[in-house]
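Notes for the one structure printed next.
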């Protein structure tokens, strides 16, 4: 048997060689044992050269060895690793899956262009050598940076020199200042020269912007980004003094900056000191002073600077300031009058009332909001009721009059003015409520409670189970619990900015109804209404029938009864949760219909494959209600028909 297998293997090898010789493409690899060239970076942990002998033998070879060759294809180190010597210094041999991998650890630049060859000896004695595997190792050294000087005066030149480090492939240098690339495209400021061994950048006229930390980075195609090498930084300090001497509205101001920080600023009139300071000096000027020679002198530890005053402007411009101050005072007085009118005379008005809010039973918390104007109104109490049951109340919006007045002063010129301008505009154009649409306040997200927010303690609510079947007329389950219990489901609060809200967690169908919010102002009560509709759906969780049953029907019920549908369908769901049938009504074996808030699915002739999960889905605008049930289909129970004439059984002893 071994001889037969060896003969077959030899025939397969000869056939493979003949096919290779017949192929015209000269680049086709006809090696039975193959390797490939490999690349690595100096500093890598290891590099792997793979020897594939799957085309040569299908059994475990008798011998495996790796040889190192010179550029003349002469072996210089034979079998330095083999199946008997798996490790040799930095090299080790790993044999698995018809491959014999040569692993070299810590490749260095001197390993580049080393040549390796793999040789395999099969169990039948045949020996095959691979092509050469040439290793290329890329490397890059850190560049060195030098500067002609570390400190210069403004207007002087300075030169930075960066060596081009040793590397393969040959790198190129890039200049950086404070971590940002230097824009060397301005020949009036920079002069760039690139030599074979170094790069030079010359700053022709140094300015304060040129001060900073300079580095150069060496990069190549194999060493980019974090792999590139950056030189150590060179800090450049530019000594300078800059003086700005201007006049406006009867004042002449001299401001100085520089490095080191200016220690003296002088204003001189015809060469005589008239004012001094450290960074800034200011004098009043008249027409007579403007006729003289005004200059500013500034100095620091290194140098000094002098500049003359241009465009001497006297105090004639102060008249404009007086006018502006008068206008501001009049505006503040009118503002105080309007504020008093709003606080003590203006009636409270609802921005939104008779709102219809819709949600789904067991869905995310629903919030009902009532907006009132003016939003800074200070009312005595507010109260929220449902079916004459109090859900929340508060005695006053602000704890003290002082707190209210301070809040009004900060708030009045913001939202209040904008809201009342909008209100007046809409009243002129026939708006029903003189304000933004009430729907804008439905289902809004709770605002974070600020320092003026007051959370209202409310009475507890019964826990409403999403799984429990309920009817829309069930009035026994209310939001109100006996006093002394805690409520985690209902939260009522006012944020002190024109909004009162009620947040209801885990809404149930019994929560549907009218929610009345009333504010008692200084003279009367102001009622507001929010109508909440909680949509629900319920379905028997399990259905069971037999194969071949005709017109088997499953039903789901939804509410409220007056809920208009914009869409409905039955789906069939796979075990992994994906949809098997998107719409059963489009399958001729199913019939979908709805009537009197019941959506039914009829299967005309039940088959075993009809078993599985079915989902009932109804849509009302943006509300989507879903219910699921499991259908079990069993094989029909066999029935025995007893013949009417049993005379043939007479005389037989069945036992």
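Values in this text are rule-based calculations from the coordinates and carry no lab data. Please read all numbers here as calculations on a predicted model, not as lab measurements. Here the Cβ positions follow ideal geometry from the backbone for every residue, glycine too, while neighbour counts run over all protein chains shown.
I need the calculated FRET efficiency for the pair residue 196 and residue 131, taking r as the beta carbon distance and R₀ as 35 Å, to the nearest 0.05.
Details: r = 37 Å, r/R0 = 1.06.
Efficiency at R0 = 35 Å is approximately 0.40.
Residue 288 to residue 634: extension gain in nm, 0.36 nm per residue of separation minus the Cα-Cα distance?
113.2 nm
Relative to the present Cα-Cα distance, how much length would full extension add between residue 106 and residue 330 at 0.36 nm per residue of separation?
Full extension of this stretch gives 72.4 nm more.
So between residue 514 and residue 278, what do we pick up on full extension, going 0.36 nm a residue minus the alpha carbon distance?
Here the answer is 77.7 nm.
Extending each Cα 7 Å along its Cβ direction at residue 503 and residue 237, get the distance between those two points in nm, one decimal.
Spacing of the two 7 Å Cα→Cβ label points: 5.8 nm.
Pop the C-beta distance of residue 95 and residue 30 into the FRET formula with R0 = 30 Å and round what comes out to the nearest 0.05.
Numbers: r = 24 Å, r/R0 = 0.79.
That pair, residue 95 with residue 30, gives E of 0.80.
Efficiency by 1/(1 + (r/R0)^6): what FRET value for residue 312 and residue 349, r their Cβ-Cβ distance, R0 = 60 Å, to the nearest 0.05?
After rounding, the FRET efficiency stands at 0.55.
Between residue 144 and residue 604, what is the spin-label point distance in nm, taking each point 7 Å from the Cα along the Cα→C-beta axis?
9.3 nm
Starting from the 7 Å offset along Cα-to-Cβ, what nm value, one decimal, do you get for the label separation of residue 60 and residue 45?
If labels sit at residue 60 and residue 45, their model points lie 2.8 nm apart.
Bin all alpha-carbon pair distances of region 39-129 at 5 Å intervals from 0 and give each bin's fraction as a whole percent.
3, 14, 24, 24, 19, 11, 4, 1, 0
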